[in-house]
Amino acid sequence: MEKLFEIKKLNMHYPIIDGLLGNIKGYTYALNDVDLDIYKNEILGLVGESGSGKSTLGNCILKLINPTSGEVVFNGENIISKTKKELKSFRAQAQLIFQNPYMSLNPRMKIYDILKEPFIINGIKDKQQINEKIKKIISLIGMQEEVLNRYPHEFSGGQRQRIAIARAIILNPKFIVADEPVSALDVSIQAQIVNLLLDLKKHLNLTMLFISHDLSIIKYISDRIAVMYLGEIVEIAEKEELFDNHKHPYTQALLNAVPVISKDKTPKILLSGDLPSPNNPPKGCKFHTRCPYVMEICKQQHPDLTNISETHKIRCFLINKNKS
Ligand SMILES: Nc1ncnc2c1ncn2[C@@H]1O[C@H](COP(=O)(O)OP(=O)(O)OP(=O)(O)O)[C@@H](O)[C@H]1O
Ligand code: SF4
Ligand SMILES: [Mg+2]
């Protein structure tokens with residue numbers, strides 16, 4: 001499979017600033033040595049508890065924020081070291097759809113102007129070309145041309161998210177980060193938007209990083225799934241493998257929390273205790289404070305993300321135990 005992204009040793013440590021003196025008093029370790037490949041034309045699902053670093057990863061991949069260190073190689077080029085000017089073509093090719101369609105559309109702009117804006121930003125001025133593309137995209141997202149003359153507040157949440165999606169895909173991007181794109185919507189509308197994203201992915205040959213808390217949506221939409229815990233990927237596999245043959249105790253606990261999804265025959269583990277703070281993550285395996293299988297080595301040493309098959313990786317010392 002051809003790689004669109006190669007993410008290497010990506011770290012994002014947000015400084016925690018002392019309010020009075022303005023000194024750095026610590027760091028939030030939001031991403032820690034993340035290594036991840038994203039293949040062309042796949043939907044990679046990203047799951048994990050709130051605060052595990054999912055949005056930070058999506059934002060770093062798009063270079064909306066500058067990571068502390070590491071590389072994000074897109075089509076063979078490291079975008080992290082690029083200047084603003086050099087990033088222009090990347091920006092058109094990689095777009096973000098985010099959670100809240102109420103906030104992502106400028107309330108003072110008509111839909112036509114909202115959809116025209118990406119062309120202006122990218123220096124495209126041909127009015128006929130722009131109008132044709134806007135009409136095409138409006139039909140692609142299942143809306144009528146009359147919406148172009150209206151304002152965002154005249155639409156429901158689902159319709160607004162369709163418009164936000166239209167804006168994200170209007171310049172034919174290759175890659176989309178969809179960060180919880182349906183979690184602010186009514187459950188009844190969520191399936192329509194998820195199906196729209198799936199249709200668009202097929203039509204436009206998109207590659208997508210799809211972030212969600214909702215395991216049933218992740219299961220429906222993804223080709224592969226990565227599980228994050230405290231800024232690290234702890235398991236990654238193809239969808240079926242991840243749901244039917246997961247190996248990491250944290251993945252097991254996440255899936256056990258949704259009984260309908262889990263066909264798991266292994267003993268149930270329940271996620272007890274809160275997620276430790278990413279400002280002061282546990283030493284050794286970051287999951288050791290909550291893991292029912294914790295061993296002495298887990299408290300001392302940090303497990304690597306290791307292949308257990310060509311397409312399945314986990315970060316857990318249990319794999320060594322099973323081998324010996
Ligand atoms: N701009 C920022 N400045 C400082 N800390 C941040 C910033 N953005 C995120 N963080 C912190 O980094 C950690 C990871 O946050 P992030 O938003 O990436 O998690 P998430 O997995 O997307 O969570 P959620 O599911 O709630 O959206 C959290 O501890 C968060 O408080
Ligand atoms: S390394 Fe140890 S603590 Fe971490 S998940 Fe595996 S068994 Fe649990
Ligand atoms: Mg988030």
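All of the numbers you see were taken from the coordinates with simple rules; none came from a lab. Bear in mind the structure is a predicted one, so any value in this text is a computation, not a measurement. Ideal geometry is used to build each Cβ from the backbone, glycine not excepted, and the neighbour counts take in all protein chains shown.
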Quick note on His246, His153, ordering by fewest other C-beta atoms within 10 Å, gives His153, His246
Sorted by Cβ neighbour density within 10 Å, fewest at the top, the residues Met109, Met228:
Met109, Met228
Among Ile225, Gln301, Met143, which residue has its Cα furthest toward the positive end of the charge dipole of the chain, with +1 on Lys/Arg Cβ and -1 on Asp/Glu Cβ?
Met143
If each part is reduced to its alpha-carbon centroid, segment 155-170 and segment 83-145 end up apart, in Å, by 10 Å
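I need Leu318, Leu204 ordered by Cβ neighbour count within 10 Å, fewest first.
Leu204, Leu318
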In degrees rounded to 10, the 0-90 angle between helix 111-121 Cα long axis and the longest Cα principal axis of the chain is 80 degrees
Just list whichever of Lys8/Lys63; Lys3/Lys54; Lys40/Lys202; Lys88/Lys110; Lys8/Lys313 have alpha carbons separated by over 18 Å in the model shown.
Lys3/Lys54; Lys88/Lys110
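Ranked highest first by average number of other Cβ atoms within 10 Å, how do 8-16, 120-128, 77-85 line up?
8-16, 77-85, 120-128
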Between helix 157-169 and the chain, what is the angle of the helix's C-alpha long axis to the longest principal axis, kept within 0 to 90° and rounded to the nearest 10?
90 degrees
May I have the extent of the alpha carbons of segment 3-323 along their three principal axes, as whole Å values ordered from largest to smallest?
67, 50, 40
Report the residue, chosen from Leu21, Leu275, Leu206, that carries the largest GNM mean-square fluctuation when the chain is represented by alpha-carbon nodes joined by springs under 10 Å.
Leu21
Segment 121-278 - convex hull of the alpha-carbon atoms, volume per residue in Å³
155 Å³
Which shape class applies to segment 121-177: rounded if a/c is under 1.5, otherwise prolate when a/b exceeds b/c and oblate if not, where a ≥ b ≥ c are the square roots of the Cα gyration tensor eigenvalues?
oblate
Summing Lys, Arg as +1 and Asp, Glu as -1, what charge do residues with Cβ under 15 Å from the Cβ of Ser156 carry, Ser156 excluded?
+1
Ellipticity estimate at 222 nm from DSSP helix runs (n ≥ 4, -39,500 (n - 2.57)) divided over the chain, nearest 500
-9000 deg cm²/dmol
